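The values are calculated or read from the model by the stated rules, or taken from the named source; none is laboratory data. Because the structure is predicted, anything quoted here is derived from the model rather than measured. Because the Cβ atoms are built from the backbone with ideal geometry, glycine has one as well, and the counts that use them run over all protein chains shown.
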């Protein structure tokens with residue numbers, strides 16, 4: 001039996017991805033320990049895992065919900081999401097990386113303590129910045145990229161966080177220059193910190209190391225990017241990584257007995273905190289012939305649903321997706337890959353980070369439609385839903401993609417690779 005420590009970013013997306021893989025390893029008899037932010041206390045233990053808790057910021061006097069720091073951060077910076085992505089580099093991307101780097105600095109000594117206590121045979125990290133305690137520990141470690149793979153830069157891949165088309169490179173150079181200007185000083189400072197703490201040098205303009213042991217990314221081949229240079233033998237694409245730990249969910253009778261396509265609306269735990277946006281979408285869907293399941297999120301008490309809707313604060317997404325006909329999503333990587341895994345068309349309303357890249361990739365590969373999150377008209381949303389649902393060729397294509405992805409068994413493949421390393 002091996003001891004395997006998972007260290008996901010303190011957000012539901014990366015955590016859920018690691019839960020799916022960790023569950024396979026736990027069922028194989030391995031000891032699985034989650035290094036989790038204190039606000040997640042108990043959520044991993046409920047799923048059968050050990051927990052070791054840490055903080056990325058000084059303690060608060062108030063009770064904190066899971067991922068509360070990032071919910072507050074997104075809320076406070078939300079006005080920036082209405083700007084072009086090149087302007088978001090200075091207004092959102094750089095401050096986000098700064099907060100992430102500050103967290104890595106704050107927690108590093110605690111991570112050293114946890115690694116010494118747990119004595120893992122392998123550490124699995126799903127983050128977007130490096131935590132030098134991991135590579136400095138001497139323990140074999142795994143990097144998981146559960147963001148859009150534009151994060152792995154290449155001459156043929158649009159710059160990360162841009163949402164730019166793959167076929168039109170006219171704006172790429174300007175964006176990359178602004179990226180270097182906005183993030184270069186922070187990256188150099190963070191690289192110095194990592195080296196001081198015993199980690200290797202970071203590659204130019206990168207905030208996270210590539211593992212010399214094992215690296216995983218997950219993006220279905222049908223939508224992944226062609227590359228000028230391959231990622232190397234230490235990289236493996238899981239394509240999709242769908243957890244089997246979600247509770248079962250049944251459609252309430254009020255909707256089960258009604259007519260109309262079944263649509264799932266979820267902007268993630270962070271996106272759904274934008275109450276005005278959620279109210280706008282609910283109002284548009286109330287005037288449609290669709291039945292709607294709404295993931296209401298942390299501000300659920302401020303949302304009133306229409307008669308053609310049901311919803312809860314949190315929903316077991318992987319149990320719901322097989323039941324629906326279409327998904328309206330923010331474009332988080334987990335949701336996008338899960339929709340393709342289950343063969344569901346998407347309307348993508350990106351808000352921040354790699355969601356623009358996912359939205360653009362889904363649109364340009366024909367698996368869904370990208371809309372302007374804040375500027376689209378209600379009819380645009382309703383028309384996009386109707387067009388996607390009426391597209392029989394798309395339905396057949398999605399069914400083929402779904403069958404292939406479900407045969408890949410990404411969580412099992414990841415567990416095999418991590419098990420061999422450990």
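Listed here are the residues, each with its yes/no results for (1) assigned by TED's automatic domain parsing to the domain that holds residue 221; (2) farther than 22 Å from residue 296 by Cα.
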site	(1), (2)
344	no, no
348	no, no
353	no, no
356	no, no
372	no, no
378	no, no
396	no, yes
415	yes, yes
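To keep it simple, each residue is scored yes or no on (1) buried (at least 20 other Cβ atoms within 10 Å of the Cβ); (2) under 18 Å from residue 85 (Cβ atoms); (3) in the same structural domain as residue 338 (by TED's automatic domain parsing).
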{"site": "140", "(1), (2), (3)": "no, no, no"}
{"site": "160", "(1), (2), (3)": "yes, yes, no"}
{"site": "165", "(1), (2), (3)": "no, yes, no"}
{"site": "193", "(1), (2), (3)": "no, no, no"}
Across the stretch 100-138, what is the number of residues that are farther than 20 Å from residue 207 by Cβ and touching a residue at least 60 places away in the same chain (Cβ under 8 Å)? 8
Output the strands (runs of 3 or more DSSP E) that fall wholly within the stretch 221-297 and possess 2 or more residues being not assigned by TED's automatic domain parsing to the domain that holds residue 334, or say none. 235-237
Here is a check on your reading of the model: is residue 287 surrounded by fewer than 22 Cβ atoms within 10 Å (Cβ to Cβ), in contact (Cβ under 8 Å) with a residue 60 or more places away in the chain and closer than 30 Å to residue 301 by Cβ? yes
All-but-one check, residue 148 against (1) closer than 21 Å to residue 102 by Cα; (2) in contact with a helix residue (DSSP H, G or I) (Cβ under 6 Å, 6 or more places away or on another chain), failing number (1)
Of the numbered conditions (1) touching a strand residue (DSSP E or B) at 6+ places or on another chain (Cβ under 9 Å); (2) part of a loop (DSSP other than H, G, I, E, B); (3) buried (at least 24 other Cβ atoms within 10 Å of the Cβ), residue 353 satisfies every one except a single condition; which is it? (1)
Number of positions in the stretch 364-400 that are under 22 Å from the mean Cα position of the chain (by Cα), under 21 Å from residue 261 (Cα atoms) and buried (at least 19 other Cβ atoms within 10 Å of the Cβ): 6
For the stretch 30-50, check the following and say yes or no: at least one residue is surrounded by 20 or more Cβ atoms within 10 Å (Cβ to Cβ), at pLDDT below 95, under 19 Å from the mean Cα position of the chain (by Cα) and assigned to a loop (DSSP other than H, G, I, E, B). yes
All conditions in (1) surrounded by 15 or more Cβ atoms within 10 Å (Cβ to Cβ); (2) in a helix (DSSP H, G or I); (3) at pLDDT 95 or above are true of residue 210 except (2)
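Find the residue count for the stretch 314-341, including only residues that are over 21 Å from residue 145 (Cα atoms) and either buried (at least 18 other Cβ atoms within 10 Å of the Cβ) or in contact with a strand residue (DSSP E or B) (Cβ under 8 Å, 6 or more places away or on another chain) (or both).
First pass over the stretch 314-341, keeping only residues over 21 Å from residue 145 (Cα atoms): 314-316, 319-328.
Right, trim to either buried (at least 18 other Cβ atoms within 10 Å of the Cβ) or in contact with a strand residue (DSSP E or B) (Cβ under 8 Å, 6 or more places away or on another chain) (or both) and you get 314-315, 320-321, 323-328.
The qualifying residues number 10.
Just to be sure, is residue 421 surrounded by fewer than 19 Cβ atoms within 10 Å (Cβ to Cβ) and either over 30 Å from residue 32 (Cα atoms) or modelled with pLDDT under 95 (or both)?
On the way: surrounded by fewer than 19 Cβ atoms within 10 Å (Cβ to Cβ): yes; either over 30 Å from residue 32 (Cα atoms) or modelled with pLDDT under 95 (or both): yes.
Yes; evaluated as a whole, the condition is true for this residue.
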